[in-house]
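The structure appears below as structure tokens.
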Amino acid sequence: MNSLIIAGLLVLLLGLAYQTGWSKSRSLVTPDGIKVHSRPQYHGALVAIWTLVPALLIVGLWANFGDSATRAFTVSQIPPDVIMGLDEIALNATIQRIGALASGYGVVGEVQPFEQAAGAALRQFQFLSFLLVVAAAAGTGILALLYARSRITARLRARNAVERVMNLALLACSGVAILTTVGIVASLLTEALRFFTFINPLDFFFGTVWAPKFSSTGTGDAGQYGILPLLSGTLMVAAIAMAVAVPVGLMTAIYLSQYAPRSVRAVVKPIIEILAGIPTIVYGFFALVTVGPFLNKAGAMIGLDISATSALTAGVVMGIMIIPFISSLSDDILNQVPLALRDGAYGLGATQSETIRNVLLPAALPGIVGAFLLAVSRAIGETMIVVLAAGNSPVLRGSPFEPVSTITVSIVNQLTGDTDFAGPQSLVGFALGLTLFVMTLLLNIVALYIVRRFREQYE
Amino acid sequence: MDMLAGKVKMTQQSVNNGMNPTDMLERPIRLHAKDVTVHYGAKQALFGISIDIPDRAVTSFIGPSGCGKSTFLRCINRMNDTIEGAKVRGLIELDGEDIYDPALDVVELRARIGMVFQKPNPFPKSIYENVAYGPKIHGLARSKSDLDEIVVSSLRKAGLFEEVKDRLNEPGTGLSGGQQQRLCIARAIAVGPEVILMDEPCSALDPIATAIIEELIDELRENFTIVIVTHSMQQAARVSQKTAFFHLGKLIEEGVTEDIFTNPVNKQTQDYIMGRIG
Amino acid sequence: MTNISTPTGRQASIERTRRVRDGLRRRHLHEALFKGFGLAAIIAALGFVAILFTDVLIKGIPAFTQANLHLEATFDPAIIDVGPAPVRTAGQSDADFRAASLGWQRDVALLNWNKVVEASLRAAAPAGFEIDSRQILTVAETNARHVLREMFVNDPSLLGQTIKVDLLASANADNWVKGNIDRELGDAQQQLSAPARALIDIFEENGTISMGFAWSIFTNVDSRAAPASAGLAGAFMGSLFMMVIVILLAVPIGVASAIYLEEFAPKSRLTDLIEVNINNLAAVPSIVFGLLGAAVFINYFKLPLSAPLAGGLVLTLMTLPTIIIATRGALQGVSPALRQAALGMGASKTQMVFHHVLPVTFPSILTATIIGVAQALGETAPLLLIGMNAFVASIPATPLDQATALPVQIYLWQANENRNFFEARTSAAILVLLGFMILLNAIAILLRTRLERRA
């Protein structure tokens, strides 16, 4: 309610300021024609900015410190002898009761006289402080407005000032991306370092047993946290995915860009790109209920014991997911190879496939390798398919037909629903996340660098 | 008129490439085109082109840009096949054989009619591999030493061998523009074609590199039938024995180079030679 | 240079042509093989799309119909042994009346409503059909008693009346009617008792059970106790809140930073760094954003767990790079002629960007936004880490309430032990999710073509 009143007031102030600036600058225009530097809307906007900033500052200050001020006031209203007898928790409870009394909702149990009095006083305090804040915000706003209004002259470069402010706002927006990265790195690092106070990094990075123990949180044996079983599972699934996606994706790109007539290309390309838009949870479900049982039966037919949830199941489905990623990137890159090279090969009498294999692909190789690396990074970071279909069995194994677990699966297992972050059981999620982040970051940087170099080569 | 006189004088000097006109006309016909039309989709690019190309001589196609000279050149080794929506009608014969005959293999045809392009386009491979590529895919070399010999002799004929003999394994893309274009010529020669088509081979080169290539073309004429598209009249006058003038998709005039430049029959040809048509 | 060593004469040329011809068969075979591989790859890729969609459709479509019970329920005063609903008397305060009402409602809730359900089921069964109460209650969904109770609370005058009601059949009954359960299995493996199975067959014949469209999927919230009534309404609202947050935050911030980087930023180390950084962010695994959300939004800023607000913020950060990259691409595509024209008219750089360049790129930005939002809509992994996989049996009213999201609901349902029933329901949820995705993409395509034609 209060925040709505304040917001309404600010909007009102804003409108008033804009209107003032606008009309003042309009009045400068006279028939004898002094040239006014900026159009009225810029003057309006400038006055509005001048007004809004101090008002917002005051509201912001109150939003930050208001709560502690209220609390301090409440405490001051409780008789000292009562406070002496209260511990931390009881004090908080009392403060809450007083707050509830002040808001008029009433409390459970008998109300003590001092509580009643404090509640009344708090109510008054809240009302007054609210008035004060509103008055202060409006007052400084109006003062700033008047000052800004007095600055308006024909020569005032209002437009330039407004544009400078806009520029700053734009800069702040692009800072969000940087902040995100900083946030990722900082949160992963701090929590991972906390994890390493529980578990020796060597045991983490070179341990071959993954066996966190949940039962004894914070006490005694926390279990073993060797990442190698997860790493091997991650790499195995990614390798299978690439084995499916690379041939299909690359050949699709080649066929579509070199052989298919335009009409076929126009239909097939978007259909394949549908695969890229399907949420990964859908792939996971598909792997779990369809592909897994199918592979299991197919394996039984040829005498192979393939588990329904296995590295193979997850890898194959992940490969399908990556096909459009590889095909559209490769298509893009093949199209960037200059036509002149293709013509050169045709002019020598090379057949189409000879041209593609001997000239186009070698020329596009760096770009395609970059695309593959990006695909690998995506496969390593993929979560839902492996959560559902890889079998969640964090044991170091060599066979792709058996269940595995991956880094991402373990992050989900260790962190789901638990934000306590007190023991290694949940903190390990961040150490795993850090490992994953570093791995994908390196792959991405190398891949993006290669692709960029490739593009520059043919520009 | 003064301008025309000057031009004519210039061309008279330069149309002096060691073959007299009558000699040229007596040469056997290697390529014969009749009523060739080309459509790109709905747009017609060429209108009924008929021309004979003499054996072991240089024939040049001139004309303003967009006049269809390159389009016609690309018909001769069926490079237009690679462009979607291009339709070629009419007759083109190589030694009396219809090159658009469905029974004829376009791969074989292109082995017989080589091509050099406007921009040097060496493959991103070594110099050696660039030249060896054609003989390799066509199976022309029986052994490694056979292949070496073809590469060396092709580079020699393209006048490049002395410059690159110490770095045959370095990438072809590392050469200068003029060297790259000679590498492309060597690459075309290595297949042993009967005809070499050149699509404005010097347009991306500086004057010195251009002069070297022109000299090379003059030498190659002894062994190859050469058709060259050029936008430079001086170049046509310097290197070719026969010249054909294209304008707006039509063949306006053709004949012995000297005649075309000194005594054009058609008004449009005259305008072009005098620089009135861009 | 005159040294010509290879023979170039007529004879040599014929010899060469012969050799070329000799190799042609083999080369054309290779060509055909290579082309065949390409075609096979395309067919494989298209086949995957086809198999995936048919699979989900075949599994999901049956879940959109559901077995309903058409019964006559008697609000028997013998069972509903409760005083009349309190009526407000003159001079009674609000609070007192509320207390009286609640007290009465509590009394109503304490009654054994299952008896009403059982009676109405027995009424529909043939006379003398033998089945015990535990068995007969497995035919109707467990929430049937709540449905009847709610009816009575809303209209106390029903006492003593007999009215027609439509109730959901239980998940097991639904499966039995749909033939998803092998009828040959022995009693030990059957989830329904033999009399219950026989009764369902009778009901189906006499029309007491019929199949109807499963509105519950859209109107109900998730339920574990009554699987047949589990729906997506809560998840849908959760997703909607998050999408609104993503659109409100990611679009302005994304477009603004793209404009800054493309139009105003001086070419410096810093802008290079921002650029590399954004490209990398676009490829950071989504689960890492979940870790960021858990550590920063939940643990540091103390946002409520499982709230769409936290989820929306995480998805916003994930979507930002997509929108920034696409917008920059669009800005780069604007012809320099337009910029020069604007600057030449005396427009400032800001005016040029906002009045001339930005409007032209609007279709591309819109498309990128929709694609980014669609991506965010389908994202699951980061939401698991900020607690959105909690079981929530109510529709969130604000972005601060506990909620789940469509993809997370799919994740929860696929893990339900009642596989037999939930596999179909999960597929149905997937169809709903895919439906939204297709809708969003169709809107993107439509708007794009519309706007581009006008431009």
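The values are calculated or read from the model by the stated rules, or taken from the named source; none is laboratory data. Just so it is clear, the model here is predicted, and its values are computed rather than measured. Don't worry about glycine lacking a Cβ; one is built from the backbone with ideal geometry, like all the others, and counts go over all protein chains shown.
Couple of notes before you dig in:
- Region A:318-350 - residue that is β-branched (Val, Ile, Thr) and buried (at least 24 other Cβ atoms within 10 Å of the Cβ) and, of those, modelled with the lowest pLDDT: A:Ile333
- Filter result for C:Ala310 (in contact with a Phe, Trp or Tyr (Cβ under 7 Å, 6 or more places away or on another chain) and not in a loop (DSSP other than H, G, I, E, B)): yes
- Filter pass, C:Ala294 being more than 7 Å from every other protein chain (Cβ to nearest Cβ), in contact (Cβ under 8 Å) with a residue 40 or more places away in the chain and either in contact with a Ser or Thr (Cβ under 9 Å, 6 or more places away or on another chain) or within 18 Å of C:Val246 (Cα to Cα) (or both): no
- Check on A:Leu442, among the aliphatic types (A, V, I, L, M) and assigned to a helix (DSSP H, G or I): yes
- Some residue of region C:427-446 being surrounded by 21 or more Cβ atoms within 10 Å (Cβ to Cβ), at pLDDT 85 or above, touching a Lys or Arg at 6+ places or on another chain (Cβ under 8 Å) and under 17 Å from A:Ile278 (Cβ atoms): yes
- Among the conditions (1) surrounded by 15 or more Cβ atoms within 10 Å (Cβ to Cβ); (2) in a loop (DSSP other than H, G, I, E, B); (3) in contact with a helix residue (DSSP H, G or I) (Cβ under 7 Å, 6 or more places away or on another chain), the only one that C:Arg88 does not satisfy is (1).
- Filter result for A:Phe195 (in a helix (DSSP H, G or I) and over 23 Å from C:Ile298 (Cβ atoms)): no
Yes/no per residue for (1) within 14 Å of chain C (Cβ to nearest Cβ); (2) among the polar types (S, T, N, Q); (3) under 19 Å from A:Gly315 (Cβ atoms); (4) touching a Lys or Arg at 6+ places or on another chain (Cβ under 9 Å):
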| residue | (1), (2), (3), (4) |
| --- | --- |
| A:Val244 | yes, no, yes, no |
| A:Gln258 | yes, yes, no, yes |
| A:Ile271 | yes, no, no, no |
| A:Thr280 | yes, yes, yes, no |
| A:Thr290 | yes, yes, yes, yes |
| A:Phe294 | yes, no, yes, no |
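- Qualifying residue in region B:177-196 (condition: in a loop (DSSP other than H, G, I, E, B), within 11 Å of another protein chain (Cβ to nearest Cβ) and on the phi > 0 side of the Ramachandran plot): yes
- Note on region B:226-278: enclosed helices (runs of 4 or more DSSP H) holding 1 or more residues that are more than 18 Å from the chain's Cα centre (by Cα) and closer than 24 Å to B:Lys34 by Cβ are B:257-262, B:267-273.
- Listed by position, the helices (runs of 4 or more DSSP H) inside region C:373-455 whose residues that are more than 30 Å from C:Ala295 (Cα to Cα) number at least 2 are C:419-454.
- Any hit, region B:207-216, residues being closer than 18 Å to B:Ser70 by Cβ, in contact with a strand residue (DSSP E or B) (Cβ under 7 Å, 6 or more places away or on another chain) and among the aliphatic types (A, V, I, L, M): no
Conditions (1) under 30 Å from B:Leu155 (Cα atoms); (2) among the hydroxyl-bearing types (Ser, Thr, Tyr); (3) modelled with pLDDT under 90, marked per residue:
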{"position": "B:Gly174", "(1), (2), (3)": "yes, no, yes"}
{"position": "B:Gln179", "(1), (2), (3)": "yes, no, no"}
{"position": "B:Glu214", "(1), (2), (3)": "yes, no, no"}
{"position": "B:Glu222", "(1), (2), (3)": "yes, no, yes"}
{"position": "B:Thr230", "(1), (2), (3)": "yes, yes, no"}
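- Residue within region A:181-194 that is closer than 30 Å to A:Val376 by Cβ, surrounded by 20 or more Cβ atoms within 10 Å (Cβ to Cβ) and more than 9 Å from every other protein chain (Cβ to nearest Cβ) present: yes
- Filter pass, A:Val248 being surrounded by 20 or more Cβ atoms within 10 Å (Cβ to Cβ) and either among the small types (Gly, Ala, Ser) or closer than 20 Å to C:Gly38 by Cα (or both): yes
- Residue that is of a type in the set (Asp, Glu), buried (at least 19 other Cβ atoms within 10 Å of the Cβ), over 13 Å from the mean Cα position of the chain (by Cα) and at the interface with another protein chain (Cβ under 9 Å from one of its Cβ atoms), where the choices are C:Glu423, C:Glu379: C:Glu423
- Whenever a residue of region A:16-39 is assigned by TED's automatic domain parsing to the domain that holds A:Leu52 and more than 23 Å from C:Ser348 (Cα to Cα), it has no partner that is at pLDDT 75 or above and among the acidic types (Asp, Glu) lying with C-beta atoms less than 6 angstrom away and at least six residues away or across chains.
- Of the helices (runs of 4 or more DSSP H) lying entirely inside region A:341-422, those containing at least 2 residues that are closer than 30 Å to B:Met79 by Cα and in contact (Cβ under 8 Å) with a residue 40 or more places away in the chain are A:361-381.
- Qualifying residue in region C:188-210 (condition: under 20 Å from C:Leu121 (Cβ atoms) and in a strand (DSSP E or B)): yes
- Residue match in region C:61-78 (condition: free of Cβ contacts under 8 Å to residues at least 12 places away in the same chain, more than 9 Å from every other protein chain (Cβ to nearest Cβ) and outside any strand (DSSP E or B)): yes
The rows are residues; the columns are (1) closer than 29 Å to B:Gln235 by Cα; (2) buried (at least 16 other Cβ atoms within 10 Å of the Cβ).
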{"position": "B:Ser50", "(1), (2)": "yes, no"}
{"position": "B:Asp55", "(1), (2)": "yes, no"}
{"position": "B:Phe72", "(1), (2)": "yes, yes"}
{"position": "B:Gly85", "(1), (2)": "no, no"}
